[in-house]
1. Can you pull out every residue in region 215-230 that is part of a loop (DSSP other than H, G, I, E, B) and more than 20 Å from the chain's Cα centre (by Cα)?
2. Going residue by residue through region 257-265, is there one that turns out to be over 25 Å from residue 15 (Cβ atoms) and surrounded by fewer than 22 Cβ atoms within 10 Å (Cβ to Cβ)?
3. With region 45-159 as the region, which helices (runs of 4 or more DSSP H) entirely inside it contain at least 1 residues that are farther than 27 Å from residue 173 by Cβ?
4. Before we move on, is residue 181 part of a helix (DSSP H, G or I), surrounded by fewer than 17 Cβ atoms within 10 Å (Cβ to Cβ) and out of contact with any helix residue (DSSP H, G or I) (no Cβ under 6 Å at 6 or more places or on another chain)?
5. Could you list, in sequence order, all residues of region 36-63 that are closer than 30 Å to residue 148 by Cα and in contact with a His (Cβ under 8 Å, 6 or more places away or on another chain)?
6. Take region 159-211 and flag every residue that is of a type in the set (A, V, I, L, M, F, W, C) and under 18 Å from residue 301 (Cβ atoms).
7. Which of (1) within 30 Å of residue 292 (Cα to Cα); (2) out of contact with any helix residue (DSSP H, G or I) (no Cβ under 8 Å at 6 or more places or on another chain); (3) surrounded by 21 or more Cβ atoms within 10 Å (Cβ to Cβ) is the odd one out, the single condition residue 85 does not satisfy?
8. Show me the helices (runs of 4 or more DSSP H) entirely contained within region 231-332 in which 3 or more residues are among the aliphatic types (A, V, I, L, M).
Amino acid sequence: MPRRPEPSPGGDPALVPFDDVDRHWDSSVSPGRRLARLRQAAREFRERMLDAPPVAYYRSMELVRAPYPTRYGLRDALALPVPYMHIVNRVFVVQTETLAGLRTVVVSPSDADGNAETPFFRRLAGSLGPLRAAGERLIAPRLHSVEEAMALAGVRPEDVDYITYDHLHTQDLRRWLGDGRTPGFFPNARLLVTEQEWRTASDPSPPQRDWYCPDGTRDIPEDRVVLLEGSTRIGDSLALLWTPGHTEGNHSIVARTPEGLMVTSENGVGPDAYAPEHSSIPGLRAFARATGMEVVLNGNTLERGLEQYASMVIEKEVAGPSLRDPRFPNMVCSSEFDRAWFAPGLSPTFRFGDLCFGSAVGRPGGSP
């Protein structure tokens, strides 16, 4: 089996497991009490991470815009008869100092061609018939490739230490990690993934299968995969926080930046989903008032709905209010909802778009 990080010299000293929040996922208490404990643990974890210096470099770049059913993205809350929304898939390049020196992490590199083989999106493209090529350019435009994004970030692929995803829906990893015959685009990188997510992506059940890319993990060399049992720090300023819900093995990427803690996941599709009481999207405020729910789930498979709700509360508490609009938390979602020509009247109240903090740090003998 792929190896797990260990809190000992025998493991990777840059990876340090922690259970500040994890230990409060206690099913022996009532759901309300568990939520209260998780909320408090998230607030305490936030304060500790804010004591850390900002990461050396943080940049997000738009890759592709994809149509996504509103019945999933804004589950039960939207009051518009609009079947699809646009979600913007981004890649993130983060550099952070650790006990083992500088580490470069690429979050959510997406192979648009490989990912298109995901059953849900393959059927959607097939419904366009003979107009498929033109339709895909119109409803799912590609803005950058990962290769272009890395060049813009000024980071060489061979200098990337890790890649990670909040979850593995739609992902074909072979282009990045190789298949045993080729080293892939990131020849030295290892995948950081929770053990449960790896298990699911490798052999999903029928309700999950629609969203995982067939063969997306096939032939990935074992030594290119690091399985995480729970939350893991990469230095003091970057953390992978276990947040089950959207998938069983979901984790959220938490980065200390000059604007506070930026939290990335797909438990929600944007800041509106984490503060529906402030949203101008038709239906969200009424949904929050009527139900008392403080978040709106992104639920296509609903693997763990109640836990997803708690995870989104954890995420918004860790993120804290944005300096750009304090009504909304610093939730920089990996697939962020944006307006689309085919979704009239549906537009986010607030969104982050692409971000950049700091400058990329070069490696000896290389660029930048």
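Just so it is clear, none of the values below were taken in a lab; they were calculated from the coordinates. Nothing here was measured: the structure is a model prediction, and the numbers come from that model. For neighbour counting, all protein chains shown are included, and Cβ atoms are generated from backbone atoms with ideal geometry for every residue, glycine included.
1. Narrowing region 215-230 to residues part of a loop (DSSP other than H, G, I, E, B): 215-221, 229-230.
Once the filter is applied, which keeps residues that are part of a loop (DSSP other than H, G, I, E, B) and more than 20 Å from the chain's Cα centre (by Cα), region 215-230 yields 215, 218, 219, 220, 221.
2. Going residue by residue through region 257-265, those that are over 25 Å from residue 15 (Cβ atoms) are 259.
Now restrict to residues that are surrounded by fewer than 22 Cβ atoms within 10 Å (Cβ to Cβ): 259.
Scanning region 257-265, I find at least one residue that is over 25 Å from residue 15 (Cβ atoms) and surrounded by fewer than 22 Cβ atoms within 10 Å (Cβ to Cβ), so the answer is yes.
3. Details: elements: 70-73, 112-115, 119-126, 132-139, 146-153.
Counting at least 1 such residues, we get 70-73, 132-139.
4. On the way: part of a helix (DSSP H, G or I): no; surrounded by fewer than 17 Cβ atoms within 10 Å (Cβ to Cβ): yes; out of contact with any helix residue (DSSP H, G or I) (no Cβ under 6 Å at 6 or more places or on another chain): yes.
No; evaluated as a whole, the condition is false for this residue.
5. At the first step, the residues of region 36-63 found to be closer than 30 Å to residue 148 by Cα are 53-63.
Within region 36-63, 61, 62, 63 meet the criteria.
6. Our first condition is that a residue be of a type in the set (A, V, I, L, M, F, W, C); within region 159-211, this holds for 160, 163, 168, 173, 176-177, 185-186, 189, 191-193, 198, 201, 211.
Within region 159-211, 168, 193, 198, 201, 211 qualify.
7. So residue 85 meets the others, but not (2).
8. Numbers: elements: 271-274, 284-291, 305-319.
Of the helices (runs of 4 or more DSSP H) lying wholly inside region 231-332, those with at least 3 residues that are among the aliphatic types (A, V, I, L, M) span 284-291, 305-319.
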